[in-house]
Amino acid sequence: MLETLTHTIADTDFTINRRNIIRWLRPFAASTPTFYLLFVIPFALLGYCALLLFPALSIWLYLKLVDSLYSAATYEHWPDALMIGSFLLLTVLASISLARLRFTSRAGVNVSAEKTPELSRLVQALQQHYGNPRIAKILITRADEVKISHTPVSWFPIKFRNTLEIGLSALLCTSPLEFRGMLAREIANLASQKNPITGWILSLHGQWANYHHALERHGDIILKPLTIFFRYYSPSYNAISFFAARRAETVADRYTLEIMEDDDAITSIIQTVIYRNFLREKYWPLIMKQPKDGKHRVFLPYKKMSQTMRKNVKRPDKERWVEKELQNFGDTSTTLPPLKTRLHLLGHQKPVYPPALEKTAAERYLDKSTLQLLISSFDKSWMRKAGL
């Protein structure tokens, strides 16, 4: 902060972007967190006001039109009524178009309780522990993360359909205990029993972005003002509410201590760092460099993922990746706090490294036939996309 205050006007960057907004708000959020929250909440409500604009205008203009028709004693007053009626028609058409807005979810394989009884029992047990937040369905996706997406049921975000999205990579690259920690964190974050305000603020990060994408995809010209609004409002909100959302993330880490020891919770965090770096730095680059001449045998990524990780991830790799994360401060691209901060808040100064991967979460929570079917399906999908 002192460095910022001692800058000259010529040295100061006034560009409006995410990094600058977060840098400007940092002293405010750190010194007066309550007032910062009181500042964020009205800004969060702007999105709801924008969605209500056209329906509210339709009601107001209808009442004005009725009043105008009753008071229009002569034809000289009809132009006023005609103008009000024209605006009313536009707002009604915009409201109808908004009501037809539909949201898409991430592509994946929907798995039922009958197909995955062990996984379903784990999810249900965690739901019961964290206050029974509702989860409509479970998807196995191509992502490398576990997350819960909130899809509005209608145009106005009152009721949601929560989808638990589990990356197949996460199942293949973690132990049952580590995966349980990842899953518990997301389900607890959905419940937000101890942080309803900051949990709600965090959930809006994805929600307003979803509205922006849905309106862009909808492409209705009459909703263009709303589309432009969310194009700028969504990233601005994400930047302004950054520190409130980060506070919710730190609470989510502590939620996992309700179901596991602190060492196990940290192991889950560290394993996430390890397998994501392995996939990003080593695995997928080699997979994508495979020859596509049809003369060489294709290395199927999902079929070989667990085996390759067991054989090729050594202790020096783990230490290098984790040390890199420990040195990574000031990353404003994610609401997740720095790894060093997360460890400190869980009562540790140093990381707890996970043991060598033996039985994977996929082998524990998916039966053999279901797992083979998922791996085969994802490998075939990858081959089609890769042109093999």
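Assuming Gln193 fulfils every condition listed in (1) in contact with a Leu (Cβ under 6 Å, 6 or more places away or on another chain); (2) open to solvent by 10 Å² or more (accessible area, probe 1.4 Å); (3) not β-branched (Val, Ile, Thr) apart from one, which condition is it? Going through the list (1) in contact with a Leu (Cβ under 6 Å, 6 or more places away or on another chain); (2) open to solvent by 10 Å² or more (accessible area, probe 1.4 Å); (3) not β-branched (Val, Ile, Thr), Gln193 breaks only (1).
What about Asn238, is it closer than 24 Å to Leu38 by Cβ and either touching a residue at least 60 places away in the same chain (Cβ under 8 Å) or in a helix (DSSP H, G or I) (or both)? So Asn238 passes the test.
Residue count for the range 107-132 under the criterion of being open to solvent by less than 30 Å² (accessible area, probe 1.4 Å), assigned to a loop (DSSP other than H, G, I, E, B) and more than 16 Å from Met182 (Cα to Cα): the result is 1.
Considering each residue of the range 151-164 in turn, at least one proves to be closer than 13 Å to Asn110 by Cβ and buried (at least 18 other Cβ atoms within 10 Å of the Cβ). Figure legend. Inter-residue proximity from the range 261-283: first residues free of Cβ contacts under 8 Å to residues at least 40 places away in the same chain, second residues part of a helix (DSSP H, G or I) and open to solvent by 20 Å² or more (accessible area, probe 1.4 Å), beta-carbon distance below 7 Å, spacing 6+ or different chains. Indicated pairs: Lys282/Asn312; Tyr283/Thr308.
What pairs come up if the first residue lies in the range 56-84 and is closer than 23 Å to Ile96 by Cβ and at pLDDT 90 or above, the second is among the hydrophobic types (A, V, I, L, M, F, W, C) and surrounded by 12 or more Cβ atoms within 10 Å (Cβ to Cβ), and their beta carbons are under 7 Å apart, counting only those six or more places apart or on different chains? Note: pairs meeting the criteria are Ser58/Leu88; Ser58/Val92; Leu61/Ile84; Leu61/Phe87; Leu61/Leu88; Tyr62/Leu88.
The values are calculated or read from the model by the stated rules, or taken from the named source; none is laboratory data. Predicted model only: the values in this text are computed from it and were never measured. Positions of Cβ are generated from backbone atoms using ideal geometry, with glycine treated the same way; all protein chains shown enter the neighbour counts. Just the protein is used for accessible areas: all its heavy atoms, side chains included, with ligands, DNA and RNA removed. Shrake-Rupley method; radii C 1.70, N 1.55, O 1.52, S 1.80 Å.
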